[in-house]
Amino acid sequence: MVAIKAFSVKSLTRNLAVGNGSAVQFPLLKRIDITFGADTCVAKPSLSSFYVNELPRLHNSNPHITFATASEEAEHCSVSLTLADDKTVAIDLRECPTSSALYKRIHAAGAAPAPSDPSPSIG
């Protein structure tokens, strides 16, 4: 017999409100494609952690983003982002040893650039 632990709705709602991806808007991001490769992929633990912890927060804050997940027999896991201009950005997961590092890479690619300061400089 397999025991499944259920979380309370209050606990799940609280989890969506804190941490990476909560209340962060990604207007330039249109789609995230995640491919889980073989178990021997060194990035699989961080990708799995991202998938369980960060991805629900991203989806909650950005309902316009489409998510696709595939399980392949490929040697490596992969994440690719499709931006609003239909440009595709592939993230090298070897450079993302943690789910937080993966979130930072997605944030760098999909967040809107900070507005420039229109005030004149003195000097």
Among (i) 1.93; (ii) 1.87; (iii) 1.06, the entry derived from the coordinates for Rg/Rh (Cα atoms, Kirkwood Rh): (iii)
Phi-based couplings in Hz for the stretch 42-52 (Karplus 6.51, -1.76, 1.60; Gly and Pro marked x): 5, 8, 4, x, 5, 5, 5, 5, 4, 4, 7
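How much of the DSSP bridge set in the chain is antiparallel, in percent, rounded to the nearest 5? All intermediate terms of the calculation are to be shown ahead of the outcome.
Working: 10 of 16 bridges.
In the chain, approximately 60 percent of DSSP beta bridges are antiparallel ones.
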Backbone N within the stretch 5-39 under 13 Å of label point (7 Å from Asp85 Cα along the Cβ vector): 28-29
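Every number in this text was worked out from the coordinates using simple rules, so none of it is lab data. Remember, predicted model here, so these are calculated numbers, not experimental data. Ideal geometry is used to build each Cβ from the backbone, glycine not excepted, and the neighbour counts take in all protein chains shown.
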